[in-house]
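Take a look at the structure below.
The values are calculated or read from the model by the stated rules, or taken from the named source; none is laboratory data. Remember, predicted model here, so these are calculated numbers, not experimental data. Counting neighbours? That spans all protein chains shown, and the Cβs are built from the backbone with ideal geometry, glycine included. Heavy atoms of the whole protein, side chains included, go into the accessibility calculation; ligands, DNA and RNA do not. Shrake-Rupley method; radii C 1.70, N 1.55, O 1.52, S 1.80 Å.
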Number of protein chains: 2
Amino acid sequence: MDKILELNLEDFSVVVEPGVTHKALNTHLRDSGLWFPVDPGADASLCGMVATGASGTNAVRYGTMRENVLNLEVVLPGGELLHTAGLGRHFRKSAAGYNLTGLFVGSEGTLGLITAATLRLHPAPEATVVATCAFPSVQAAVDSTVHILQAAVPVARIEFLDDVTMDACNKHSQLNCSVAPTLFLEFHGSEQVLAEQLQRAEEITQDNGAFHFSSAKEAEERSRLWAARHSAWYAVLALRPGYKGYSTDVCVPISRLPEILVQTKEDLKAQGLTGAILGHVGDGNFHCLLLVDPEDPEELHRVMAFSELLGRRALALHGTCTGEHGIGLGKRQLLQEEVGAVGMETMRRLKAMLDPRGLMNPGKVL
Amino acid sequence: MDKILELNLEDFSVVVEPGVTHKALNTHLRDSGLWFPVDPGADASLCGMVATGASGTNAVRYGTMRENVLNLEVVLPGGELLHTAGLGRHFRKSAAGYNLTGLFVGSEGTLGLITAATLRLHPAPEATVVATCAFPSVQAAVDSTVHILQAAVPVARIEFLDDVTMDACNKHSQLNCSVAPTLFLEFHGSEQVLAEQLQRAEEITQDNGAFHFSSAKEAEERSRLWAARHSAWYAVLALRPGYKGYSTDVCVPISRLPEILVQTKEDLKAQGLTGAILGHVGDGNFHCLLLVDPEDPEELHRVMAFSELLGRRALALHGTCTGEHGIGLGKRQLLQEEVGAVGMETMRRLKAMLDPRGLMNPGKVL
């Protein structure tokens, strides 16, 4: 564990080097009373999560990597070693100069190489309860989400799974859920607080027409539900043996989610594609998992066209072409449409300033 | 109210133009069920709060401006109009390109002129309760703070006031509090949740030796306490009629607070200065308000030397020379010591890239 350094329980901070995953860190933190909540689903390297600006299921309550990185050690393209908040510093806030830490979070390796990250830790929840409920429509599920957030219920996770995903999860993970738009919710707090949060969520979802609201407190049943959620990718893949998966994501203002989800379902149908929708609905972020016949290049072409259309639909609704997957190579055109000419020019000047020879992850993002 | 634009209650967002203060925005939001929690104490322009990266008493729970700005309209020094997250966009998260929004928050007007800000709103608390308690020592007050945070009590405000500040507040605001290190706490939530939070906070503070724990639910009594806190500056000024006030701030990892507070008290004594200490102790951030005889240039000189020493003490404890006041002119040397040569060079290159002619707030920060 020599790669987990400077764990400071009183200051809620830790330094990790490349290779340490969020699961390894949380295993190390077990019994400390603290944890690192950002969880992209699959086990991932924390420094990689910094570079991609990862988020995942807990972001609605605890924020994404952008809100949970206190300092970075970065090797700049010219070879200099930069400590974005100053060497060894791990304060919770500062008004000293430009926010260099924020510049590197989510830069996808194009501005420098992250060699250590100081992360902000959170108190581990005293108790946890999970709830699931099915809805007659996407609109009802999203309305419930907005009402839960407006009621200041501090939900830790609020995940949307569409009917296709639920069908796949039922089969793959031996669930027995309704094949309908569904929310998976998780609450963190004391026993008493949880009971109240659960009751309010149940009232709100039932006001919006939810059926089959059920909750689980026992660790085993909770794990089973989240394992099903985290295995959704494999569950959907199993719907069409031999097919390959293609995944994309967008993020829109929450109020526009029903509209884009309905449009997306229609697009899938019109294109004759098999796609499952699931997402971090409390942040307005969702994924579409598409199945492609590897023998059918024409289908792959349609999948790519669908993905581009989805990105443009998000942009038209004041959203972003990617909530957490990043730009990479595939979304460079969409990024231009998203931030406009002045935004692109500013990003290009940033890249040219820090990496004039174009050494860092060349061709990506811009 | 033509300067408050695009209020979107379902998406928890609003656009404000320069001149709108956080009080004006919250008055506008009254009865909407939402509010903007960042509150620097004095009434301030929201776009100015973006430029300075303001925070204040609620930051421990709701974050600073850095966590609550979704998009900015900025006139760049060359005259181009930049929308940092793309024109009209107000999503909660994104992984699309570099974080330009974060670059301008806290840049103190040196990179461009902010002409509109899209802010993230939060659900207004259903109920609020305030508590005060006095401690036998600074250490006991800080230990209580750490334990409250570790216990995941979602405290909305946790403010430290030293004995000098309490004495001044007693006199100026007709309080009847102990003249001792004191915490002012505030909790937000449902009635039931508040009762539990209050009980846990009382237990924790009493375990740490607190005396005179008292709480107030009624709006009038709560207002009286926060008015006293927000008037602390004037209360301290009133200790020495005719003197002028000089204010500085630093921020350190929370565990180092007792050490630096004790050192600071000793420094004040050694320099023969009258200074009061108060701060946002949940973030490790505190202010020192110093009184200077305007007829005594030598005293002003000692105040400046004290302020520089305080900044260096914070830096030596892995902290920052300013948690929320900013660099301006006075802390440029300390910024260099804080971020080091590579950090400064990176900031200078950023400034030169965006403002090659040095037009924007010249001479500040760098």
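Miscellaneous remarks
- Karplus (6.51, -1.76, 1.60) ³J(HN,Hα), θ = phi - 60°, over the stretch A:83-97, in Hz, Gly and Pro reported as x: 9, 4, 10, x, 4, x, 8, 8, 7, 7, 7, 7, 10, 9, x
- Residues of the stretch A:1-133: accessible area per residue with a 1.4 Å probe, Å²: 31 Å²
- Modelled label reach - A:Glu203, point 7 Å along Cα→Cβ, the stretch B:134-177 residues with backbone N closer than 11 Å: none
- Rolling a 1.4 Å probe over the protein chains gives B:His318 an accessible area of about 70 Å².
- Where only C-alpha atoms are counted, convex hull volume of the protein assembly as shown per residue in Å³: 153 Å³
- Centroid-to-centroid separation of the stretch B:61-103 and the stretch A:196-241 [C-alpha atoms, Å]: 34 Å
- FRET efficiency for A:Arg30 and A:Glu10, using Cβ-Cβ distance with R0 set to 22 Å, rounded to 0.05: 0.75
- The H on the amide N of B:Phe211, modeled in the peptide plane, is under 5 Å from the matching H of B:Ala134, B:Phe135, each at least 5 residues off or on a different chain.
- Using alpha carbons only, the radius of gyration of the stretch B:130-205 set against its Kirkwood radius gives Rg/Rh = 0.99.
- For the stretch A:87-227, a/c is not less than 1.5, where a ≥ b ≥ c are the root eigenvalues of the C-alpha gyration tensor, and a/b tops b/c. That puts it in the prolate class.
- In sequence order, calculated HN-Hα J values of the stretch B:308-324 (Karplus, 6.51, -1.76, 1.60; Hz; x Gly/Pro): 5, 4, 4, x, 5, 4, 4, 4, 5, 9, 6, x, 10, 6, 7, x, 8
- Here's how it looks for A:Leu34: its modeled amide H is under 5 Å from those of A:Ala124, which are all 5 or more places away or on a different chain.
- Taking the stretch B:4-123 and dividing mean pair separation by its residue count, relative contact order in percent (alpha carbons under 8 Å, at least six apart): 33 percent
- Comparing A:Ala24, A:Ala276, A:Ala210 in a Gaussian network model of chain A where C-alpha atoms under 10 Å apart are linked, the largest mean-square fluctuation is found at A:Ala24.
- Label geometry 7 Å along the beta-carbon vector: B:Arg224 inter-copy distances in nm: 5.6
- Of the solvent-accessible surface of the stretch A:215-315, computed with a 1.4 Å probe over protein heavy atoms with every protein chain present, carbon and sulfur atoms account for 52 percent.
- Interface residues in the stretch A:94-110 - accessible area drops by 40 Å² or more relative to the isolated chain, probe 1.4 Å: A:Ser94, A:Ala95, A:Ala96, A:Gly97, A:Tyr98, A:Asn99, A:Leu100, A:Leu103
- Heavy atoms of the protein chains alone define the surface here; on that basis the stretch B:223-328 has 38 Å² accessible area per residue at 1.4 Å probe size.
- Label spacing, shortest first and in nm, from A:Gly41 to its equivalents in the remaining copies (7 angstrom along Cα→Cβ): 4.6
- One residue of chain B places its C-beta nearer than any other to the axis carrying B onto A; that residue and its whole-Å distance are B:Gly102, 2.
- All alpha carbon pair distances within the stretch B:127-317 were sorted into 10 Å bins beginning at 0; the resulting P(r) in whole percents reads 9, 36, 35, 15, 4, 0.
- Restraint check, A:Lys269/A:Lys364; A:Lys265/B:Lys93; A:Lys23/B:Lys93; B:Lys171/B:Lys244; A:Lys171/A:Lys244, Cα-Cα greater than 20 Å: A:Lys269/A:Lys364; A:Lys265/B:Lys93; A:Lys23/B:Lys93
- Förster radius 41 Å - calculated FRET efficiency between A:Arg240 and A:Arg357 (Cβ-Cβ, nearest 0.05): 0.35
- Result for chain B in a Gaussian network model with C-alpha springs under 10 Å: among B:Glu308, B:Glu17, B:Glu220, the largest mean-square fluctuation is at B:Glu220.
- For A:Lys364, the solvent-accessible surface with a 1.4 Å probe is about 60 Å², rounded to the nearest 10.
- Gyration tensor (alpha-carbon) shape descriptor, the stretch A:261-308, a/c threshold 1.5: prolate
- Relative intensity, log₁₀ I(q)/I(0), of chain B from a Debye sum that treats every alpha carbon as a point, q = 0.08, 0.15 Å⁻¹: -0.42, -1.41
- In the stretch A:324-342, burial by the other protein chains removes 50 Å² or more of accessible area from A:Glu338, A:Val342, compared with the chain on its own (1.4 Å probe, ligands and nucleic acids ignored).
- Accessible area (Å², 1.4 Å probe, nearest 10) - A:Cys321: 0 Å²
- With Cα atoms defining each centre, the stretch A:330-351 and the stretch B:108-153 are spaced 35 Å apart in the structure.
- Among B:Asn68, B:Asn99, B:Asn285, residue whose mean-square fluctuation peaks in a GNM of chain B (springs only between Cα atoms under 10 Å): B:Asn99
- Rounded to the nearest angstrom and listed largest first, the equivalent-ellipsoid semi-axes of the stretch A:4-123 from its Cα gyration tensor are 21, 16, 14.
- For the set A:Val179, B:Val20, solvent exposure ranked by accessible area (probe 1.4 Å, protein chains only) runs largest to smallest as A:Val179, B:Val20.
- Solvent-accessible area buried by A and B, counting both chains, probe 1.4 angstrom, square angstrom: 7200 Å²
- Between amide H atoms placed 1.01 Å from N, distances below 5 Å from B:Ile327 occur with A:Gly97, all of them 5 or more places distant or on a separate chain.
- Heavy-atom surface analysis with a 1.4 Å probe gives the stretch A:4-123 a carbon and sulfur content of 53 percent of its accessible area.
- Across B:Thr115, B:Thr57, A:Thr27, the residue with the most accessible area heads the list, and the full order at a 1.4 Å probe is A:Thr27, B:Thr115, B:Thr57.
- For B:Asn176, inter-copy label distances in nm, listed shortest first [label point 7 Å out on the Cα-Cβ vector]: 6.4
- For the stretch A:57-149, the mean projected area of the C-alpha convex hull, equal to one quarter of the hull surface, is 9.2 nm².
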